[in-house]
Amino acid sequence: MATPKHVKFCTHQKVGILLIFSVGFGFFLQSSSSSEETRCESSSNSNNSYCGFRKYIMESYFEKYDSLLEPNFQNFIVDELLFNTCKLLPDNLNHLLRVSVPWRHLIGEGSHRHISSTIRFHMQPDSMSQLRAHFCKVIIIERLPTGVFADPFELQHLLKRGVFTDVAVFGDTNLELPSVLSNQSAVEIHMNVAPTSLLGHISELEISADLPLHARYPPLDDSGYSEVEFGEPEMFLRCSMEENGDHESCLLMPTNDRTGSRTDKVVWRIPSGIRAHAGIVSAVTFLAASISTLLIVLTSIFYSDSKLCNNLKES
């Protein structure tokens, strides 16, 4: 029969063996992860892959920058995106693929509206057939001005309905802040593209993107309106390429075709308080609050007196 000391020793021995296996397995996973990162970084540095970036382009951007300033974003495109191109892309890529935004409008009224865009890709069928793309997705990056925001929860509902393949909001995601206290945010949208669309069967590919937006509380303005101006979205194509058995994820940046894009600006005029009326509104609000407080106090006193009188009569 085993003694208590022997049982205790066996228990400790089993625990020790489990700990040794756990630590060894953890080191194995860490070394595997490190080797994967090393392979990815070396491949990225040699311009052979796009694996140096995350699932979302803006996720990589905000790992390096804190805000959506125009110089920072353009530097990111030139230094990071253009530099990390894969070897399977042809040299005349800029002439193969062009993009334009022929239609871009705000839909709806009030403080909840949609910005709807029609994006058209122009391709040379004979040249695009050289890409051997097995799977592609369109990436749209909407850099929103400070006066509006996109609700991440609302976008998740659209994602579940299959409107987008992937979607995420980056930057200032605080939905309660007014315009004067908020910063810019960006929405990155992914939409799948049929492989036959990029293999020479058609010369144009047109997609539509409808993004729901909400207006923030604007600052006071003499005109009674605060104008928010939208710029053009950034468009990319991320394709899974194959050549000689090698698979790579390549990012294509089409040339912007200004001749096919709309020239007028998209402006959202959001109603705001008039600066000259601020004093009157403050005075009326203070007066209404004072009268309401006085009525509450008088009602409480009257109710207490009437209750006291009823108690005296009953006694």
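The values are calculated or read from the model by the stated rules, or taken from the named source; none is laboratory data. For clarity, every value in this text was computed on a predicted model and none was experimentally measured. Because the Cβ atoms are built from the backbone with ideal geometry, glycine has one as well, and the counts that use them run over all protein chains shown.
Among residues of region 55-78 being loosely packed, with under 14 Cβ neighbours inside 10 Å and touching a residue at least 60 places away in the same chain (Cβ under 8 Å), the one that is farthest from Asp172 (Cα to Cα) is Lys55.
Kindly provide the set of residues from region 182-203 that are of a type in the set (A, V, I, L, M, F, W, C) and either within 23 Å of Lys160 (Cβ to Cβ) or modelled with pLDDT of 90 or more (or both), ordered by number. I'd like the intermediate steps shown before the answer.
Of all residues in region 182-203, those of a type in the set (A, V, I, L, M, F, W, C) come to 186-187, 189, 191, 193-194, 198-199, 202.
Listed by number, the residues that qualify are Ala186, Val187, Ile189, Met191, Val193, Ala194.
Just one of the listed residues (Val284, Val266, Val297) is aliphatic (A, V, I, L, M), touching a strand residue (DSSP E or B) at 6+ places or on another chain (Cβ under 9 Å) and at pLDDT 85 or above, namely Val266.
Here Thr85 fulfils each of the conditions (1) modelled with pLDDT of 75 or more; (2) crowded, with 16+ Cβ neighbours inside 10 Å apart from (1). Scanning region 200-220 for residues that are closer than 21 Å to Pro145 by Cα and in a loop (DSSP other than H, G, I, E, B), we see that the one that is farthest from the chain's Cα centre (by Cα) is Leu220.
Which of the residues spanning region 124-141 are charged (D, E, K, R) and either outside any strand (DSSP E or B) or modelled with pLDDT of 95 or more (or both)?
The first filter runs over region 124-141 and keeps only residues charged (D, E, K, R), leaving 126, 132, 137.
Asp126, Arg132 - these are the residues of region 124-141 that are charged (D, E, K, R) and either outside any strand (DSSP E or B) or modelled with pLDDT of 95 or more (or both).
Looking at this structure, is Ser223 surrounded by 14 or more Cβ atoms within 10 Å (Cβ to Cβ), modelled with pLDDT of 70 or more and outside any helix (DSSP H, G or I)? Criteria not met by Ser223.
Each residue in region 266-296 was checked for being farther than 30 Å from Ser116 by Cα and aromatic (Phe, Trp, Tyr), and 1 of them qualify.
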